[in-house]
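Engineer: Provided herewith is a single structure, encoded as structure tokens, for subsequent inquiry.
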Amino acid sequence: MSSKIAKMVASLSFAHLLGQPAGAKADGGEEDDDKKQRTDESDEDYARRMEEEEEEEKKKEDARKAEEEEKEEKKKEEEAKKAKKAEEDEDDKEKAARVNERARCASIFKCAAAATRPDVAAHLAFNTSMPSAEAIGMLETFAMGGAPQPSSLASRMASVKTPNVGAGAAAAPAAGSDAAVTAQIIAAGKARRGEK
């Protein structure tokens with residue numbers, strides 16, 4: 001049996017069940033000198049000493065636990081700081097991205113060609129992620145063709161042929177003429193008979 005296992009077995013209160021005497025040392029079966037009662041020590045002194053040793057061990061154990069808890073707390077604080085810093089870095093990245101996008105749009109609209117073709121400038125600035133230099137080059141190409149002509153009603157009507165209404169019909173008789181009076185009498189007769 002290895003000495004580590006033998007020491008562990010010997011320290012158990014049920015070591016006698018495993019073939020080891022209780023409290024036996026692994027190296028020769030002798031009791032631990034610190035744990036046994038000294039010859040010049042009374043039972044009360046021995047009990048007090050054991051209590052003190054037990055308290056001392058308990059204090060050491062409590063100190064060890066407190067140290068572990070403190071380490072765990074520090075670890076949690078560090079993780080929280082790292083998470084907060086990562087969040088702040090992400091916010092900074094988002095802010096930088098917005099600033100860069102605004103600068104890109106502004107440089108496209110500052111271009112002289114944007115005044116000629118604001119419709120194309122708006123499309124390139126807001127609907128594409130094209131770098132500003134490329135967008136400006138494309139905008140200048142569109143602007144060479146000139147600004148689109150506004151479509152007014154007059155310009156659209158200029159290309160439509162208007163018919164001359166009544167140009168093919170017979171001319172109406174002059175008012176008060178015999179033909180006009182005759183046409184009125186005929187129309188009145190048709191109206192009385194219900195004809196159209």
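Engineer: Taking amide H atoms as placed 1.01 Å from N in the peptide plane, list the residues 5 or more away in sequence, or in a different chain, whose amide H sits under 5 Å from that of Arg117.
Structural biologist: When sequence neighbours closer than 5 places are left aside, there are no close amide H contacts.
Engineer: Pull out the extension gain between Ile186 and Glu72, defined as 0.36 nm times the separation in residues minus the alpha carbon to alpha carbon distance; nm, one decimal.
Structural biologist: Working: separation 114, 0.36 × 114 = 41.04 nm, distance 11.60 nm.
Stretched fully, the Ile186-Glu72 segment lengthens by 29.4 nm.
Engineer: What does the charge count around Ile108 come to, taking other residues whose C-beta lies under 13 Å from its C-beta (Lys +1, Arg +1, Asp -1, Glu -1)?
Structural biologist: 0
Engineer: Residue-wise, which Karplus ³J(HN,Hα) couplings in Hz belong to the stretch 77-92, taking 6.51 cos²θ - 1.76 cosθ + 1.60, θ = phi - 60°, and x for glycine or proline?
Structural biologist: Rounded to whole hertz, the list is 4, 4, 5, 5, 4, 4, 5, 5, 5, 4, 5, 5, 4, 5, 4, 4.
Engineer: Can you give the convex hull volume of the alpha carbon atoms of the stretch 57-196 per residue, in Å³?
Structural biologist: Normalising the Cα hull of the stretch 57-196 by residue number yields 323 Å³.
Engineer: Under 14 Å from the Cβ of Gln184, count the other residues' Cβ atoms, weight Lys and Arg +1, Asp and Glu -1, and hand me the total.
Structural biologist: +1
Engineer: Related question: Quick one: 3J(HN,Hα) in Hz for the stretch 105-112, Karplus 6.51/-1.76/1.60 with θ = phi - 60°, rounded, Gly and Pro as x.
Structural biologist: 5, 4, 5, 5, 6, 6, 4, 4
Engineer: By a straight-distance test (C-alpha under 13 Å), which aspartates and glutamates pair with Lys60 as possible cross-link partners, with residues fewer than eight away in the same chain excluded?
Structural biologist: Filter leaves Glu52, Glu68.
Engineer: Next up: Choose one of Ser107, Ala86, Ala97: the residue whose Cα lies farthest towards the positive end of the charge dipole of the stretch 60-114 (beta-carbon charges +1 Lys, Arg; -1 Asp, Glu; about the Cα centre).
Structural biologist: So the residue furthest toward the plus end is Ser107.
Engineer: Taking the alpha-carbon distance from Lys75 and a cut-off under 18 Å, which aspartates and glutamates remain once sequence neighbours fewer than 8 residues away in the same chain are dropped?
Structural biologist: Partners within reach: Glu67.
Engineer: Can I ask one more? If the chain between Lys93 and Glu52 were fully stretched, how many nm would it gain, using 0.36 nm times the residue separation less the Cα-Cα distance?
Structural biologist: Extra length available between Lys93 and Glu52 comes to 8.7 nm.
Values quoted throughout were computed directly from the atomic coordinates according to the rules given, and no laboratory measurement underlies them. Keep in mind that what you see is a predicted model, and the values were worked out from it rather than measured. Don't worry about glycine lacking a Cβ; one is built from the backbone with ideal geometry, like all the others, and counts go over all protein chains shown.
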